[in-house]
Amino acid sequence: MSDIEYRQEIIRIGRLLHEKSFIAANDGNISVRLDDNRLLVTPTCISKGMMNPEDLLVVDSDGCVVSGFRKVTSEIGMHLMIYRSRPDVNAIVHAHPPVATGFAAARIALDQALVSEIVLALGSVPLAQYATPGTPQLSENIEPHVRDHDAVLMANHGVVAYAHELWQAYMNMETVEHFAKIALITHQLGCAHFLPDDEVARLSAMRKKLQAQRLAAVRS
């Protein structure tokens, strides 16, 4: 995709996040890898549901602005860390979907095998320890979870989801919130029945195979 096409897709995803109440006011941020040295990112201090393509910024591998007139998000360090840790990742979405963020605020990971489709899609969603948003400590707390997961809850903060391409990163965010809703309802019903270990192992093997196929497709 071209720079212009990526800008248009980020605008669409920002509006979807806002419409679904995954973000409010100026919350959240989105980025996509343009090449080995440049990212296209959303700026700070603007509603991600009300952006124009020219509001987006291009930054280098150190997070310095290469082009654009707005200010880069303070959480650019988190994005850069994920891209360094996961060469297969080309897009990141950070938001505050209410139910999943409720789990993050309660400091409860979404790591129970409740639904086969979610295990297949995400495996599990771990909880990173709290750190002040925009600080190096936040990236340090998330980093141990990044290699083996495609989304992470940030304690008392929100969710970061990532993938090989932009729309899959957004879909991962949707899946996290869907998972959180199911987990909450199951808790309210008080009769959760978890998938057995052998079934989780089968689903995990299927997930790894799908990931390998996607990575091969991206590299080709």
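Every number here is computed from the coordinates shown, using simple stated rules; none is lab data. Keep in mind the model is a prediction, meaning the values are calculated, not measured. Neighbour counts run over all protein chains shown; Cβ positions are idealised from the backbone, glycine included.
Normalised by 2.2 N^0.38 Å, where N is the number of residues, the alpha-carbon radius of gyration of the chain equals 0.99. Relative contact order for segment 3-219: 19 percent, from Cα pairs under 8 Å spaced at least 6 residues apart, divided by residue count. Multiplying the residue separation of Ser67 and Ala25 by 0.36 nm and subtracting their alpha-carbon distance yields 12.7 nm. Each of His149, His79, His178 has some number of other Cβ atoms within 10 Å of its Cβ, and from fewest to most they run His178, His149, His79. Dipole orientation for segment 3-219: of the candidates Pro133, Val146, Ile46, Ile46 has the Cα lying most toward the positive pole (charges on Cβ; Lys, Arg +1; Asp, Glu -1). What the phi angles of segment 150-165 give under the Karplus curve with 6.51, -1.76 and 1.60, with θ = phi - 60°, is a coupling list of 10, 7, 9, 7, 10, 3, 6, 9, x, 9, 10, 10, 8, 6, 6, 8 Hz, glycine and proline written as x. Value of Rg to Rh for segment 168-220, rounded to two decimals, is 1.11; Kirkwood radius and Rg both from alpha-carbon coordinates.
Here is what passes the span test in the chain: the DSSP H helices with alpha carbon length of 20 Å or more along the helix axis and a Kyte-Doolittle mean of -0.5 or above are 166-189.
Looking at the chain as a GNM with Cα springs under 10 Å, which of Phe22, Phe194, Phe103 has the largest mean-square fluctuation? Result for the chain, Cα springs under 10 Å: Phe194 fluctuates most.
The order of the peptides 54-66, 180-192, 8-20 by mean Cβ neighbours within 10 Å, most packed first, is 8-20, 54-66, 180-192.
From least to most packed, judged by other beta carbons within 10 angstrom and beginning with the fewest, Val119, Val152 follow the order Val119, Val152. Label reach from His193 (point 7 Å along Cα→C-beta): in segment 86-122, amide nitrogens under 20 Å belong to 112-120. Going from the residue with the fewest nearby Cβ atoms within 10 Å to the one with the most, Arg207, Arg7 rank Arg207, Arg7.
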